[in-house]
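What follows is a set of notes on a single structure, which appears directly below.
The values are calculated or read from the model by the stated rules, or taken from the named source; none is laboratory data. Please read these numbers as outputs of a predicted model, since none were measured by experiment. Glycine also receives a Cβ, built like all others from the backbone with ideal geometry; neighbour counts cover every protein chain displayed.
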Amino acid sequence: MIYTLREHPRARRINITVRRDGTVWVTKPKRVSMREVEGFVEKCGEWIVRTQEKFSRLPKTSRIEPSRKEYEKYKKIARRYIAGRISHFNSLYRVRFSNITIRNQRSRWGSCSRRGTLSFNYRIVFLPEHLADYIVVHELCHLKEMNHSKRFWALVSETIPDHPACRRELRRLERGLLHRL
């Protein structure tokens, strides 16, 4: 299998991306050996081939990425929705944040900066409400705990007790929604 390998200092696991042109990109954390990468690529071989075949059947002129106009439309809707959910959950957590941003990200649902900026993917409006709430709570809790320690997950559990199930469901959806759009 031919692929392009990238090493990323913040990568936490091996990640394989099949691009629309059929090229395969593998991202690995620094601590992962080439033997582990090759084993993972081999294990995912059938999925890689299926995905390349699926992309090869798409018309060459179709666009998968949403238009800028579409992003702007949903960005406003997402901002109002997320602001309301943050207001609701922050009445329980009482954390300070500096700003809310809405972005067109391909690989993240949300993030929290050390300066208190909460960023969210505009596609959050397409998620079921319980998953959107999980993402909002997750990022709010990062304002108290900037890690994924037991204390962090205890904070999340205060309002989203079924957060492990939400994480699993979100990961299944990520394969479709984030990468299809």
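Would it be correct to say that ARG103 is in contact with a helix residue (DSSP H, G or I) (Cβ under 9 Å, 6 or more places away or on another chain), under 30 Å from ARG19 (Cα atoms) and assigned by TED's automatic domain parsing to the domain that holds PRO164?
On the way: in contact with a helix residue (DSSP H, G or I) (Cβ under 9 Å, 6 or more places away or on another chain): yes; under 30 Å from ARG19 (Cα atoms): yes; assigned by TED's automatic domain parsing to the domain that holds PRO164: yes.
For ARG103, the condition - in contact with a helix residue (DSSP H, G or I) (Cβ under 9 Å, 6 or more places away or on another chain), under 30 Å from ARG19 (Cα atoms) and assigned by TED's automatic domain parsing to the domain that holds PRO164 - is met.
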Contact list please: Cβ distance under 6 Å, first residue in the range 102-124 and assigned to a strand (DSSP E or B), second residue of a type in the set (A, V, I, L, M) and buried (at least 21 other Cβ atoms within 10 Å of the Cβ), pairs at least six apart or on different chains.
ILE102/ALA78; GLY110/ILE135; CYS112/LEU118; PHE120/ILE82; PHE120/ILE102
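When the residues of the range 87-130 are narrowed to those that are among the hydrophobic types (A, V, I, L, M, F, W, C), closer than 17 Å to GLU145 by Cβ and surrounded by 15 or more Cβ atoms within 10 Å (Cβ to Cβ), which ends up farthest from the chain's Cα centre (by Cα)?
Restricting attention to the range 87-130, the residues satisfying the condition of being among the hydrophobic types (A, V, I, L, M, F, W, C) are 89, 92, 95, 97, 100, 102, 109, 112, 118, 120, 124-127.
Filter once more, keeping what is closer than 17 Å to GLU145 by Cβ: 89, 92, 95, 97, 112, 118.
Still in the running and surrounded by 15 or more Cβ atoms within 10 Å (Cβ to Cβ): 89, 95, 97, 112, 118.
Numbers: PHE89: 21, VAL95: 23, PHE97: 21, CYS112: 13, LEU118: 14 Å.
My answer is VAL95.
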Any idea which of SER157, SER149 is of a type in the set (S, T, N, Q) and surrounded by 13 or more Cβ atoms within 10 Å (Cβ to Cβ)?
SER157
Kindly indicate the residue of the range 65-89 that is under 16 Å from GLN105 (Cβ atoms) and of a type in the set (A, V, I, L, M, F, W, C) and also modelled with the highest pLDDT among those meeting that condition.
ILE82
Here are some residues: GLU158, GLU169. Which one is acidic (Asp, Glu) and over 13 Å from the mean Cα position of the chain (by Cα)?
GLU158
What are the pairs with Cβ atoms under 6 angstrom where one residue, in the range 1-28, is within 17 Å of ILE48 (Cα to Cα) and the other, located anywhere, is of a type in the set (Asp, Glu)? Sequence gap at least six, or different chains.
LYS28/GLU7
